[in-house]
1. Would you mind giving the mean number of other chain beta-carbons within 10 Å of the Cβ of each residue in B:237-249, as a whole number?
2. Using a Förster distance of 22 angstrom, determine the FRET efficiency expected from the C-beta separation of B:E105 and B:Q36, and round it to 0.05.
3. With respect to the cross-link table entries B:K124/B:K202; B:K145/B:K245; A:K77/A:K206; B:K130/B:K263, which display a Cα-Cα separation exceeding 32 Å?
4. Give me Rg over Rh for the range A:127-357, both radii from the alpha carbons and Rh done the Kirkwood way, two decimal places.
5. Counting partner chain Cβ atoms within 10 Å of every residue's Cβ in B:217-224, what's the average?
6. By average Cβ neighbour count within 10 Å, what is the ranking of A:259-267, A:300-308, B:203-211, A:168-176 from highest down?
7. Read phi for every residue in the range B:222-228 and hand back ³J(HN,Hα) as whole Hz from Karplus 6.51 cos²θ - 1.76 cosθ + 1.60, θ = phi - 60°, with x for Gly and Pro.
8. Using amide H atoms built 1.01 Å from N in the peptide plane, name the residues 5+ places from A:D33, or on other chains, whose amide H lies under 5 Å from its own.
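Every number in this text was worked out from the coordinates using simple rules, so none of it is lab data. Quick caveat, the model's predicted, so the values are computed rather than measured. Positions of Cβ are generated from backbone atoms using ideal geometry, with glycine treated the same way; all protein chains shown enter the neighbour counts.
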Amino acid sequence: MKRLFLGMAVMALLFTSCNDDQESINIDQSKVDMSDFYVYTDADIDEATRIAEGKSKACYAMVNLNRQLNEDPTLEKKMYDIEFHTRSFIASKKPDGAGNGGGNGGGDDGSGGDDVQPIDDGLGIISIPVYVHVVYSNANENISNTQINSQIAVLNADFRLTNNDANQLPSEFDTDITDSEIDFTLAGVFRHADSRTSWGTNNAVKSAYPPVTPSTHLNIWVCNIGGGILGYAQFPGGNSSTDGVVVGSEYFGSTGYVSAPYDEGRTATHEVGHYLNLRHIWGDGRCNRDDFVVDTPKSDAPNYGCPSYPTVNCRTNDMTMNYMDYVYDQCMYMFSDGQRNRMRAIFAPGGARESMLN
Amino acid sequence: MKYIIILLTVFLLKSCGNTKDIENTKEDNALMKIEQLSGTYLITMFGRVKLRSKKLTLELDESTNKVSVFGGCNSFFGTFNANGNHITFNELVSTRKMCSEENMEAEQYMMDALAQTTRYSLEKNILNLKNETSSLMSAKKVQEKIMITYETSTRGFYEIIWISKDSISFSNDRNLKERKTSDCPEKEWNELLALLQNINIKSLSELEAPTKKHQYDGAAMATLKVESEGEIYSTNIFDHGYPPKEIEELVNIVLSMKKMSTKE
């Protein structure tokens, strides 16, 4: 643990010194604790330790200095800035003394009972227009408009808390379930016949069929991915030419060519959660890794299938029914207030998806 | 109760004769590279005489070059130098307990044999200690149980592969109820062992994953575990298909072995 704290302290120090020139957001910056932020997971701590030992020198230090990145090297800086903005914005809308939106804001006592209020961010109902690109190599994959519309309906239900399966929520999470006040409208469907039968997760489908106005529209590609992958997303801050989410044809929508137990449209809900800056609910790491949301209990691994309640990990009951876990479609049915605030913050002035509101 | 520790100075015997050991072939060399010298051996033969006792042991540690021998009553400790198929034992120190005459004789033989040893072979876990002309002692490696486990998981997919010397098994069932097992091919197993030698398995948990695609569902999460001498060493989570470079070859062999096993 000592090493971990040291690592975090060093990271905090580095970030502070690196971001002196950051344009100031309307809040006392010293209140924004970024010490737990990460892009990469567990190995980061080791890297931070190396930096602490003087074996690596750099100012901008999103702790992967010696790593061969095959991704955009500026991405981590962007993600850091987005995280900083998110926390600053959420904190600025809270009464004084409340913690920031991050995992250190009082969420470390392990009780899992931390409540977050939906903040009044002044953004109203956020409407996201959606383009769907259907890329098919056979008739099944050329999914019907009915199937596409069923997915849009599921997104609207899930993000507006009108989904009819939310009534099974354990009372422990009564104060956490939320209406994120984000809705979706279908703006257009593009259909592409292509002989390629599986597209993988390296954005090949986006290169073949580029996104349409990704700064103002959510682009969703529907195709066969392969490799057991149901869908994949891109966090805000990534390259605009690959911005959007990809969902396997059989896991898109709730009717038509769909395959149980991923046949209720929740794969898209989960991926759009990532697209709107949500992390996996277990923080992609051990108990000490957070998803940067205070009202989601800590956990150290995904839950699968249809877990019974309570499922205890890291000494708290997991929120297994959260869309950002890995359970079956029929067993996930909520976002939390903290997740709502976090998603909406990227639409605030200076946020990564601010341009979508215009 | 008191052991008197005495130092036995060992004179290395330089052979005058120039007889070539006919067993010293290239094949021998290749096998030695694959089979790890470190380990615990049960001494089975003195020269050409089979031993009835099953408690005489020899322990070699290549990382420290230390040897320890249990002769049934007393123990010896010292160092060794192995190079190619040459080996010498030096600075042997013995505990000195009074033991049965039979035992003392055996210990004296072992001490002498180690002092005279200049060569060795290690093939199929049988260690042969030799001088230039003949075999002095044979020993069989006590097989430590090594198990390699590769597990990969994402929301829509699960697979676990177990590989040991005897078998390769896998399951796509998270509850591990259904599993398929087949024989472990020897050639690939030896390749795995050779690769494991080049990896410090105790530092598996420190390897850095080159990518984190699983954070946005772009890859399944994977871990590699190695169980050795009752300890389990595990990597952190990395992306399936993008292992840390230190274990990339190992992971590729594991995956191809699993593929092979499904074809049979």
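1. What the average comes to for B:237-249 is 2.
2. 0.10
3. B:K130/B:K263
4. Rg divided by Rh gives 0.95.
5. 5
6. Values: A:259-267: 20.3, A:300-308: 16.1, B:203-211: 17.9, A:168-176: 13.9.
The densest-packed peptide leads the list: A:259-267, B:203-211, A:300-308, A:168-176.
7. 9, 9, 10, 10, 10, 9, 8
8. The answer is A:N100.
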